[in-house]
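Participant: Okay, handing you the structure first.
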Amino acid sequence: MRRIALPDEMPHNGLGDAAMARARSTENVVVGDEIVRERLSARVVHWAVAVTFFVCLFTGLPIWTPYLGFLATLFGGLHVCRLLHPWAGIAFAAASVLMFVQWVSQMRLTPADREFLTPRGLLRYFQYRNDDVEVGKYNGGQKLLFWAAALGAAGLLATGLVMWFPLAFGQRLREASYLLHDVAFSLFFAMIIGHIYLGTAAEPGTLRSMVRGTVTKSWAQLHHPRWYREVTSDQPKR
């Protein structure tokens, strides 16, 4: 990992601008009091997944139930929603594939991460009671979220295609797809709500990593200590 040497007299906003500039093309480097965590390409993919998912959400809900039909007015009516929803789903799937390619190499579960597969581990994650000094750039909960999102996106795409072209498939598969599409959507939506909570209220300072691309050194040392040590070349105190 490289440390970016900058003049001590540079003003704080200059350091911030330098960190954001570095975040356009690289990550895991120190710039003043900040660490570049996510490069621009990763952030663009992340927000593409988020935006296309919510377009799918708000075009799909009026189709799903008449009680939410008022949402169709956001797009010009229910007919427009029926036309837009499947294409938004294709865009969401494409963005999800890019996200998978972007992060898959960093999301391999380690033995320590398997704690998050237990109910107790998940509870600790949502309470953000993670004090493991060996937590790397992504903790076990974030890795599980990644794999769950990939699985959910695949399920939504597969069932959505059956619903889009129903005459090409048998009746049982069509009926199962309607049910599984609703289940996959419900679970994915709940997962996104949890993701938003953990990235804002539960762990202040996280959102900036997906906006600016950087985090503070103190944030990294607190929440991802092993990654902090790797990037700054600091050694744990004995």
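Participant: Picking from L57, L61, L15, which residue would you name as being in a helix (DSSP H, G or I), modelled with pLDDT under 95 and surrounded by 14 or more Cβ atoms within 10 Å (Cβ to Cβ)? Spell out the reasoning first.
Facilitator: Numbers: L57 fails: modelled with pLDDT under 95; L61 fails: modelled with pLDDT under 95.
Criteria check complete, one pass: L15.
Participant: Every residue in the range 23-67 that is in contact with a helix residue (DSSP H, G or I) (Cβ under 6 Å, 6 or more places away or on another chain) and among the basic types (K, R), please.
Facilitator: R24, R37, R43
Participant: Another one. Hey, among V162, V135, which residue is more than 23 Å from the chain's Cα centre (by Cα), crowded, with 17+ Cβ neighbours inside 10 Å and not assigned by TED's automatic domain parsing to the domain that holds M20? Write out each step before concluding.
Facilitator: On the way: V135 fails: more than 23 Å from the chain's Cα centre (by Cα).
Of the residues listed, the single one that is more than 23 Å from the chain's Cα centre (by Cα), crowded, with 17+ Cβ neighbours inside 10 Å and not assigned by TED's automatic domain parsing to the domain that holds M20 is V162.
Participant: Looking at S177, is it surrounded by 15 or more Cβ atoms within 10 Å (Cβ to Cβ) and either touching a Leu at 6+ places or on another chain (Cβ under 6 Å) or not assigned by TED's automatic domain parsing to the domain that holds A23 (or both)? Full working, then the answer.
Facilitator: Details: surrounded by 15 or more Cβ atoms within 10 Å (Cβ to Cβ): yes; either touching a Leu at 6+ places or on another chain (Cβ under 6 Å) or not assigned by TED's automatic domain parsing to the domain that holds A23 (or both): yes.
For S177, the condition - surrounded by 15 or more Cβ atoms within 10 Å (Cβ to Cβ) and either touching a Leu at 6+ places or on another chain (Cβ under 6 Å) or not assigned by TED's automatic domain parsing to the domain that holds A23 (or both) - is met.
Participant: Taking the range 18-48 as the search range and keeping residues that are buried (at least 17 other Cβ atoms within 10 Å of the Cβ), of a type outside the set (A, V, I, L, M) and outside any loop (DSSP other than H, G, I, E, B), which one is modelled with the lowest pLDDT?
Facilitator: R22
Participant: What is the number of the single condition among (1) touching a residue at least 12 places away in the same chain (Cβ under 8 Å); (2) not in a loop (DSSP other than H, G, I, E, B) that L109 does not meet?
Facilitator: For L109, the failing item is (2).
Participant: Among the listed residues V231, V183, V162, identify the single one that is among the hydrophobic types (A, V, I, L, M, F, W, C) and touching a residue at least 60 places away in the same chain (Cβ under 8 Å). Full working, then the answer.
Facilitator: Details: V183 fails: touching a residue at least 60 places away in the same chain (Cβ under 8 Å); V162 fails: touching a residue at least 60 places away in the same chain (Cβ under 8 Å).
Exactly one residue qualifies, and that residue is V231.
Participant: Applying the selection to the range 46-65, what residues are in contact (Cβ under 8 Å) with a residue 40 or more places away in the chain and of a type in the set (F, W, Y)?
Facilitator: W47, F53, W64, listed by residue number.
Participant: Could we say that L151 is at pLDDT 95 or above and either assigned by TED's automatic domain parsing to the domain that holds A88 or outside any helix (DSSP H, G or I) (or both) here?
Facilitator: Details: at pLDDT 95 or above: yes; either assigned by TED's automatic domain parsing to the domain that holds A88 or outside any helix (DSSP H, G or I) (or both): yes.
The answer is yes for L151.
Participant: In addition: Which condition number in (1) at pLDDT below 95; (2) assigned to a helix (DSSP H, G or I); (3) of a type outside the set (D, E) is the one that R82 fails?
Facilitator: R82 satisfies every listed condition except (1).
The values are calculated or read from the model by the stated rules, or taken from the named source; none is laboratory data. Every value quoted in this text rests on a predicted model; they were computed, and no experiment measured them. No Cβ is skipped: glycine too gets one built from the backbone with ideal geometry, and neighbour counts run over all protein chains shown.
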